[in-house]
1. What part of the accessible area of the range 81-188, given as a whole %, is carbon or sulfur when the probe is 1.4 angstrom?
2. Efficiency by 1/(1 + (r/R0)^6): what FRET value for Asp53 and Ala112, r their Cβ-Cβ distance, R0 = 22 Å, to the nearest 0.05?
3. Given springs between every Cα pair under 10 Å in a Gaussian network model of the chain, which of Tyr105, Tyr76, Tyr123 has the largest fluctuation?
4. Quick one: accessible area per residue over the range 27-168, 1.4 Å probe, rounded to a whole number of Å²?
5. Can you list residues from other chains, or at least 5 along the same chain, whose modelled amide H is less than 5 Å from the amide H of Tyr123?
6. Ranked highest first by the average count of other Cβ atoms within 10 Å around their residues, in what order do 164-176, 109-121 fall?
7. Determine which lysines satisfy two conditions relative to Lys9: a Cα distance under 16 Å, and not lying fewer than 8 residues away in the same chain.
8. Tell me the label-point distance for the pair Asp177, Glu144, using the 7 Å Cα-to-Cβ offset, in nm and rounded to one decimal.
Amino acid sequence: MTDVFAAAKKRIEEELKKGTPVILALEGGAATGKSTLGKQLADEFQAPLISMDDFFLPPALRTEARFSQPGGNIHYERFHDQVAQAIRKNEGIRYQVFDCGIGDYAGIREIAPCPLLIVEGVYSLHPAYRDIYSLRFFLKTTPETQDARLHARGEWLYDRFQSLWLPLESAYFGAEDLEKGCDLVLET
């Protein structure tokens, strides 16, 4: 992950030299290192980090029709309204945090305008708000590495990834071809 971090850091530093706010998306499939890299970059640059997990789809919206939409597994409307709109206006961000552990909202997070904002997670480049980013990084790994990382999260989560989340991600990536539109592709 050291080479990945160094490449990402260098590209961010180049973008920051332009003197305008940098909004970075870290997109990629499950267990590709988005959260790890996001935390490392946030620490390095003292930048806020938004996790797409904060926009996990609440139970009331989890319908077959919703899941049939590429990218429908995330509450993209709420991200658009609470985050993307504020970024477009260069205003502070205020959003509800969804807690997957309790299956409900658990507080409000506020972020003032800043030189660098990092958004990490699958669906961070959803078409509803893809235009807000000045930098787009796509993370990927081998199927064997992804499988080992998912197993390490525990059998219940592994089974959930295999039966639901990975097929939804596959449909999203298949419909969007996101890797092609990214500034940097990182192998983890």
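1. Numbers: 2790 of 5590 Å².
After summing per-atom areas, the C and S share lands at 50 percent.
2. Working: r = 22 Å, r/R0 = 0.99.
With R0 = 22 Å, the Cβ-Cβ based efficiency is 0.50.
3. Most flexible of the set in this elastic network: Tyr105.
4. Numbers: 6670 Å² over 142 residues.
For the range 27-168, the per-residue accessible area is 47 Å².
5. Under 5 Å from the amide H of Tyr123: Gly28.
6. Working: 164-176: 16.0, 109-121: 18.1.
Per-residue Cβ counts within 10 Å, averaged per peptide and sorted highest first, yield 109-121, 164-176.
7. Partners found: Lys17, Lys18, Lys34, Lys39.
8. It is 3.0 nm.
The values are calculated or read from the model by the stated rules, or taken from the named source; none is laboratory data. Here the structure is a predicted model, which means the values were calculated and not measured. Ideal geometry is used to build each Cβ from the backbone, glycine not excepted, and the neighbour counts take in all protein chains shown. Accessible surface areas use protein heavy atoms only, side chains included; no ligands, DNA or RNA. Shrake-Rupley method; radii C 1.70, N 1.55, O 1.52, S 1.80 Å.
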